[in-house]
């Protein structure tokens with residue numbers, strides 16, 4: 001039944017998600033058991049321990065995320081081996097992916113934050129959601145997280161802050177493309193507007 005729910009989320013089939021959750025509310029809190037599943041349309045991995053909310057967040061399915069939260073999904077679930085929360089997944093985006101939509105990404109982030117997502121949660125590498133949004137060059141997500149109080153000066157385990165990450169080629173999000181380079185500049189400007197200076 002969980003696989004059916006995940007498939008409905010992947011396909012953004014909101015009526016089917018609604019029916020499944022109405023029939024079995026506990027689906028909102030179940031964790032996946034497959035070691036690793038690649039969601040090609042979303043360009044994201046789903047790991048054992050992830051929940052339906054992780055998938056909805058990764059796909060920026062904000063309406064489905066809200067429904068899952070209403071059904072009791074844990075907004076700060078981090079049981080996968082990477083310890084990524086749904087907010088980490090929502091902060092990931094790929095500006096060159098034709099399925100990516102900045103507005104839907106921001107709405108997903110806002111839905112998670114309004115449900116109590118920890119904006120400073122750290123994954124196993126010490127990365128916060130802001131690290132992820134900066135790394136994948138999602139300028140509107142960066143702006144949303146900064147407006148909600150994300151700290152641009154928190155280092156990950158290798159000592160890199162989101163502010164520093166904005167200045168380097170990350171190898172993610174098509175960082176060499178025109179779209180990504182423009183987003184990188186927007187992110188640098190956003191970070192400069194909110195701080196004394198960038199390193």
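Below is a table of values for the structure above.
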item	result
Unique residue being out of contact with any helix residue (DSSP H, G or I) (no Cβ under 8 Å at 6 or more places or on another chain), outside any helix (DSSP H, G or I), at pLDDT below 95 and over 25 Å from residue 83 (Cα atoms) when the list is 171, 176	176
Qualifying position, being over 14 Å from the mean Cα position of the chain (by Cα), part of a loop (DSSP other than H, G, I, E, B) and surrounded by fewer than 24 Cβ atoms within 10 Å (Cβ to Cβ), among 123, 153	153
Residues of the range 70-99 satisfying the condition of being assigned to a helix (DSSP H, G or I) and either touching a helix residue (DSSP H, G or I) at 6+ places or on another chain (Cβ under 7 Å) or crowded, with 22+ Cβ neighbours inside 10 Å (or both)	86, 87, 88, 89, 90, 91
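The values are calculated or read from the model by the stated rules, or taken from the named source; none is laboratory data. Note that this is a predicted model, so its numbers are computed, not measured. Because the Cβ atoms are built from the backbone with ideal geometry, glycine has one as well, and the counts that use them run over all protein chains shown.
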